[in-house]
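The values are calculated or read from the model by the stated rules, or taken from the named source; none is laboratory data. Values in this document were obtained by computation on a predicted structure and should not be read as measured data. Cβ placement follows ideal geometry from the backbone for every residue including glycine, while neighbour counts extend to all protein chains displayed. Just so you know, the surface numbers come from the protein's heavy atoms only, side chains and all, with ligands and any DNA or RNA stripped out. Shrake-Rupley method; radii C 1.70, N 1.55, O 1.52, S 1.80 Å.
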Amino acid sequence: MNKKILLVALPAALMASASYASDFTGGLEIDNKFSADKVEDLGTGAKLFMGYKGLTLSAKRNDVKAKEYNFNYKHDFDSFFLKGEYEFVDNRSRVTRTGENSTGADVNKFGITVGTNVMDMFDTSFRLRKDLDAKEMNGTKSDITRFDLAVGKQFENVYFNTKLVGQHQADARIATVNDTIYNVEARLTFNNISDNFTPYFEAGNEAKFGSNDRDTYGKVGVIFNF
């Protein structure tokens with residue numbers, strides 16, 4: 001090959017590959033959830049994720065062997081974004097915290113989110129999601145319609161986000177006491193302290209179908225960027 005062509009082509013190829021690689025993102029997220037009311041560990045999870053432009057794929061496994069696979073695509077318009085998602089939850093090998101078999105129905109989740117920034121003051125988004133059991137097990141088949149209303153704001157080194165989550169359970173065999181519940185969440189994400197990792201802390205108060213009890217929880221996690 002002509003040396004002049006090689007000298008021109010090689011740097012151009014390297015620049016193109018670097019630009020192509022910069023479009024990819026990926027990382028590992030590890031979290032631990034605990035009950036503040038009952039003072040007990042609620043489990044640890046690990047999630048691998050990768051993205052290319054607006055497309056993101058992830059796989060998560062927790063310590064009771066439930067597995068989650070998520071596919072989502074986000075498209076940015078001039079003044080808002082739109083995101084569609086599908087998640088499959090594999091509960092076929094799930095166990096209890098003590099290691100006993102706790103096999104459950106697989107779950108299919110379909111969601112859509114719309115969000116925007118309001119006058120450069122704060123971010124807001126609304127998500128609507130349908131969570132459906134793949135089949136009936138133990139006399140029930142969960143059918144949940146869920147919405148998430150979120151508001152967030154970036155401060156110097158921290159992104160603060162709050163969320164109201166409403167869920168309606170269509171299966172009356174599960175929702176024996178109440179068929180609609182509301183949860184609240186708040187998260188601090190320390191996203192400007194390092195390029196390599198992002199720690200966060202989350203706290204919330206959540207209800208359960210078929211019970212009047214509520215539980216306050218905390219969650220700590222860290223995201224390692226590849």
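Between a first residue in region 205-217 that is open to solvent by 100 Å² or more (accessible area, probe 1.4 Å) and a second residue that is among the basic types (Lys, Arg) and in a loop (DSSP other than H, G, I, E, B), which pairs have beta carbons less than 9 Å apart while being 6 or more apart in sequence or on different chains?
Here the result reads ARG214/LYS208, each pair linking region 205-217 to a residue that is among the basic types (Lys, Arg) and in a loop (DSSP other than H, G, I, E, B).
Restricting the search to region 193-204, which residues are exposed (fewer than 13 other Cβ atoms within 10 Å of the Cβ) and either in contact with a Gly (Cβ under 6 Å, 6 or more places away or on another chain) or among the acidic types (Asp, Glu) (or both)?
ASP195
State whether the residues of region 99-121 include one that is of a type in the set (Lys, Arg), in contact with a strand residue (DSSP E or B) (Cβ under 8 Å, 6 or more places away or on another chain) and open to solvent by 70 Å² or more (accessible area, probe 1.4 Å).
No, there is no match, as no residue in region 99-121 is of a type in the set (Lys, Arg), in contact with a strand residue (DSSP E or B) (Cβ under 8 Å, 6 or more places away or on another chain) and open to solvent by 70 Å² or more (accessible area, probe 1.4 Å).
Matching residues to (1) part of a strand (DSSP E or B); (2) under 26 Å from THR145 (Cα atoms):
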| site | (1), (2) |
| --- | --- |
| LYS33 | yes, yes |
| GLY43 | yes, yes |
| GLY51 | yes, no |
| GLU68 | yes, yes |
| VAL89 | yes, yes |
| SER93 | no, yes |
| THR98 | no, no |
| LYS109 | yes, yes |
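Okay, residues lined up against (1) of a type in the set (S, T, N, Q); (2) under 24 Å from ARG214 (Cβ atoms); (3) open to solvent by 50 Å² or more (accessible area, probe 1.4 Å); (4) modelled with pLDDT under 95:
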{"position": "PHE77", "(1), (2), (3), (4)": "no, no, yes, no"}
{"position": "ASN91", "(1), (2), (3), (4)": "yes, no, no, yes"}
{"position": "ALA150", "(1), (2), (3), (4)": "no, yes, no, no"}
{"position": "TYR159", "(1), (2), (3), (4)": "no, no, yes, no"}
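So which pairs qualify, if the first residue must be in region 16-30 and open to solvent by 60 Å² or more (accessible area, probe 1.4 Å), the second must be outside any strand (DSSP E or B) and modelled with pLDDT of 80 or more, the Cβ gap must be under 9 Å, and the two must be at least 6 apart or on different chains?
PHE24/LYS53; PHE24/PHE226; THR25/PHE226
Spot the failing condition for ALA134; the list is (1) open to solvent by 70 Å² or more (accessible area, probe 1.4 Å); (2) over 28 Å from PHE155 (Cβ atoms), and only one is missed.
Every condition holds for ALA134 apart from (1).
For ILE223, indicate whether it is open to solvent by less than 60 Å² (accessible area, probe 1.4 Å), over 28 Å from PHE80 (Cα atoms) and in contact (Cβ under 8 Å) with a residue 24 or more places away in the chain.
no
Return the only residue of ALA170, ALA175 being surrounded by 13 or more Cβ atoms within 10 Å (Cβ to Cβ), among the aliphatic types (A, V, I, L, M), at pLDDT 95 or above and more than 20 Å from the chain's Cα centre (by Cα).
From the options ALA170, ALA175, the qualifying one is ALA170.
Which is modelled with pLDDT of 95 or more and either touching a Gly at 6+ places or on another chain (Cβ under 6 Å) or in a loop (DSSP other than H, G, I, E, B) (or both), of ARG129, ARG146, ARG187?
ARG129
Does PHE81 count as open to solvent by 40 Å² or more (accessible area, probe 1.4 Å) and farther than 25 Å from GLY43 by Cα?
Yes: the conditions hold for PHE81.
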